[in-house]
Each structure stands twice: as C-alpha cells, then as structure tokens.
Amino acid sequence: TQQIVEPRKIVNPTLQLLNEGIVSETVRLIYGDINEVMSHSKALKIAQKDNLDLVVVAPQADPVVCKIMNYKREQYKKKVYMKESKKKQKVATMGQMKEIKMKSTIADHDLKIKCKKAADALKKLHPVRILMSTTLKLLKETPTLLKDMTDK
C-alpha cells in the first residue's frame, strides 16, 4: 500500500485572511462593544449585515482573532500613509548640497552671516559643505592660522 502525501500549502504571512477565506471554525470577534468567542459563520453574518468584511488580525491566537472593518478602505489608508512617508523620507535625504566658501581673512561679521546661512540650510534639511581657503604665504607667516580659523 502506497501512502498519498498531499503537498503542503505555503501560507504567505503578509496575506490577510478575509470573510470566507478564514478556515477556523471559531473566532474571537472584536467589533464595537462585542468582544467574544463565536462561530465563524455567526461572525460572518454580523459583518455582512453591516456590509463590512471579517478580517483576521491575529492568526496565531487560539481562537483566531478577527475584526469587522471595511478592508478596502483600510488598505487604501495604509497605501496613502506609505506614500506620504516615502515623500517625507525623500525630502529628508534628497536635499541639495549647499556650499559655503570663505577665506582665512574673513571678518567676524561676515563669518556670522555665513554661519547663519549654513544654519538655515540645515533647517531645510540640506547638507552643508564648508570650504575654507587660504594662501601658502599666509600659512608660512602665521603658523597658527588654521587653528585660529577653526576656532572662529
């Protein structure tokens, strides 16, 4: 005698179980002020009466936890939320690089203005690159010039 082995069903964990697709005989229903264990068919009738969907929210629980909701509306809200979060993420990472150039002989007032512009760019989520330049002659004349520039 040969045993017939049925192929295993691969369950996608991201797949939501809906309405008649729920295999459990008993479910814990959460809907409004209802929070009780009942048969799958009774919960489905309540959902259909209100023209909504019976959706599994915790398939690992015993019995399976279900909610009654408008599933398509929830999916739409989730899609819109993900779209908005992607837009915000792009704004945060895709700022245009701002460069601020200054020489070693810059006056204190001018330096404050450049610092203010850098702070404004950072508030707008733009990365800032500061370029400080000097001449070799000045470096030879004042050996502490680089330290003085960074201290300003």
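Rounded to the nearest 500, what is the 222 nm mean residue ellipticity of the chain from helices alone, with -39500 (n - 2.57) per DSSP H run of 4+ residues and division by all residues?
Working: 5 runs with 62 residues, N = 152.
It lands at -13000 deg cm²/dmol.
Solvent-accessible area per residue in the chain equals 85 Å², computed with a 1.4 angstrom probe and all protein chains kept. Beta bridges assigned by DSSP with both partners in the chain are antiparallel in approximately 55 percent of cases. Taken over the chain, the convex hull of the Cα atoms encloses 282 Å³ per residue.
Remark on L17: its backbone amide H falls under 5 Å from those of V56, a criterion applied only to residues 5 or more positions apart or on other chains, H modelled at 1.01 Å from N. Per-residue packing, averaged as other Cβ atoms within 10 Å, sorts the ranges 114-124, 79-89, 62-72 into the order 62-72, 114-124, 79-89, beginning with the highest. Short to long, the 5 Å bins of the Cα pair-distance histogram for the range 100-149 hold 4, 19, 25, 20, 15, 9, 5, 2 percent of all pairs.
The values are calculated or read from the model by the stated rules, or taken from the named source; none is laboratory data. Quantities reported herein were computed from a predicted structural model and do not represent experimental measurements. Counting neighbours? That spans all protein chains shown, and the Cβs are built from the backbone with ideal geometry, glycine included. Side chains are part of the model used for accessible areas, which takes the heavy atoms of the whole protein and leaves out ligands, DNA and RNA. Shrake-Rupley method; radii C 1.70, N 1.55, O 1.52, S 1.80 Å.
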